[in-house]
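The values are calculated or read from the model by the stated rules, or taken from the named source; none is laboratory data. Everything numeric here is computed off the predicted structure, so don't read it as measured data. No Cβ is skipped: glycine too gets one built from the backbone with ideal geometry, and neighbour counts run over all protein chains shown.
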């Protein structure tokens, strides 16, 4: 992402100065002891993946330390009090793809993880001639969902259960692969015969998946490779339904619904599981930091040492390239037989590992990885719930079912999504950005003061580099934030909630 900056408006700059106290308090829950000079394993970075690795290592008897550079654990899964009294999921904001056996084996519920399931889960208010009149509400009640879809197409209403069953079959076939060791093709032709036979045995989960899909394998292969437009056009005719479903195929990616491979991103979003319900997404109690804190608590309970404000400068390698530990930025050396990195591939291999220890071709491949993001996430503190023209509030201030959903704005048809992508491809922020708006405080009132709410706007597309070499300065960021606010206001009643403050992260 290009940068992270605060939109210092409505006193937000002052509020940010006070937020780290809460962050520190959360960070050190479960931190233990003093940093030792030697461990069996060291994990660089205290994101949720690093914490999971540390928990399993320590659980198996490997003496492990986690070294996190920030003042709190969690990486992208953190809760921060950006505005006093308002707790935001700073980056990630929904839970689904955490593997169920991790939750079970690490006893995350015992360590405090609580999740609010959402039903219904998707709400799309629509503008027609500048007026928001109709909406599409999707949930787990199939009969009600079909009734909602029938507003736009009775044919689509009949097709929707078959579409869900089609994707569910693919998910069931692929799900075991997520927990299987990756296949190593090179091992098939190298090494002793016994080693090659073991490698071939690793193909069994893949073969079972293929057999489970049977004669429909070509159609399922298309889901993994085709543009999502081609897939959805086979099933549906109504643009509101197709555009709403297509958001899961492009969200977080610099891709259009017409981009080959966007179908896989859609599959990725239905492969999760929440409390036994396939494809469900939910809010974590206390914000996404609750996930990281539960994992950290589990790791600490098994004896792992967890440290914040311990930035790593470089890895220590032996004469044959073997890991021997790390060096912190303050010069402290921590010896270790095993080093795991929760940092990005670029940071790990281009900055932390001495370049002479790695093949030049490998370094070139890592340097060419494109990890640029088209997303700007805007976190907003508001003084009351949004009231949508297509579904006005009841008047008592209580959340309605659609307030708990992922609320899709500027998603009336796929042409809008494609146009937003094209603008960003030319280096211009989308004039009508695709927005996934969430109000987690509608289900978790502990996130905001009484009557107030926290709102998350996951918006795209914002180009990584602006046309003409313009900088992503405060003026550009505020202009884009205002664009997102304007899109939200178009769908809301005249008495839309007053933003108390917002944080814009590019």
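What the table shows:
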quantity	calculated
Yes/no for residue 213 being under 27 Å from the mean Cα position of the chain (by Cα), crowded, with 17+ Cβ neighbours inside 10 Å and touching a residue at least 40 places away in the same chain (Cβ under 8 Å)	no
Criterion violated by residue 336 - all others in (1) within 29 Å of the chain's Cα centre (by Cα); (2) under 17 Å from residue 50 (Cα atoms) satisfied	(1)
Single condition residue 379 does not satisfy, out of (1) within 19 Å of residue 127 (Cα to Cα); (2) out of contact with any helix residue (DSSP H, G or I) (no Cβ under 7 Å at 6 or more places or on another chain); (3) not in a loop (DSSP other than H, G, I, E, B)	(1)
Hey, residue 412 in contact with a helix residue (DSSP H, G or I) (Cβ under 7 Å, 6 or more places away or on another chain), assigned by TED's automatic domain parsing to the domain that holds residue 386 and under 20 Å from residue 240 (Cβ atoms) or not	yes
Selection status of residue 465, touching a residue at least 60 places away in the same chain (Cβ under 8 Å), surrounded by fewer than 23 Cβ atoms within 10 Å (Cβ to Cβ), touching a strand residue (DSSP E or B) at 6+ places or on another chain (Cβ under 9 Å) and farther than 16 Å from residue 94 by Cβ	no
Selected residue (criterion: farthest from the chain's Cα centre (by Cα)) from residues of segment 394-412 that are assigned to a loop (DSSP other than H, G, I, E, B) and crowded, with 18+ Cβ neighbours inside 10 Å	412
Matching residues in segment 152-161 - criterion: being touching a residue at least 12 places away in the same chain (Cβ under 8 Å) and surrounded by fewer than 16 Cβ atoms within 10 Å (Cβ to Cβ)	155, 158, 161
Close pairs (9 angstrom Cβ cut-off, 6 or more residues apart or separate chains): without any contact (Cβ under 8 Å) to a residue 12 or more places away in the chain in segment 316-327, in a strand (DSSP E or B) anywhere	318/324; 322/337
Scan of segment 28-67 for residues that are in contact with a helix residue (DSSP H, G or I) (Cβ under 9 Å, 6 or more places away or on another chain) and modelled with pLDDT under 95, ordered by number	29, 30, 31, 32
Which listed residue, of 233, 179, 248, is within 30 Å of residue 418 (Cα to Cα) and surrounded by fewer than 16 Cβ atoms within 10 Å (Cβ to Cβ)	233
Lone unmet requirement of (1) within 23 Å of residue 275 (Cα to Cα); (2) surrounded by 14 or more Cβ atoms within 10 Å (Cβ to Cβ) for residue 101	(2)
Qualifying residue in segment 352-365 (condition: buried (at least 16 other Cβ atoms within 10 Å of the Cβ), closer than 30 Å to residue 56 by Cα and touching a strand residue (DSSP E or B) at 6+ places or on another chain (Cβ under 6 Å))	yes
Filter result for residue 245 (free of Cβ contacts under 8 Å to residues at least 24 places away in the same chain, within 22 Å of the chain's Cα centre (by Cα) and in the same structural domain as residue 117 (by TED's automatic domain parsing))	yes
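Here is a yes/no grid of residues against (1) closer than 30 Å to residue 88 by Cβ; (2) more than 17 Å from the chain's Cα centre (by Cα):
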{"position": "309", "(1), (2)": "yes, yes"}
{"position": "315", "(1), (2)": "no, yes"}
{"position": "323", "(1), (2)": "no, yes"}
{"position": "342", "(1), (2)": "yes, no"}
{"position": "347", "(1), (2)": "yes, yes"}
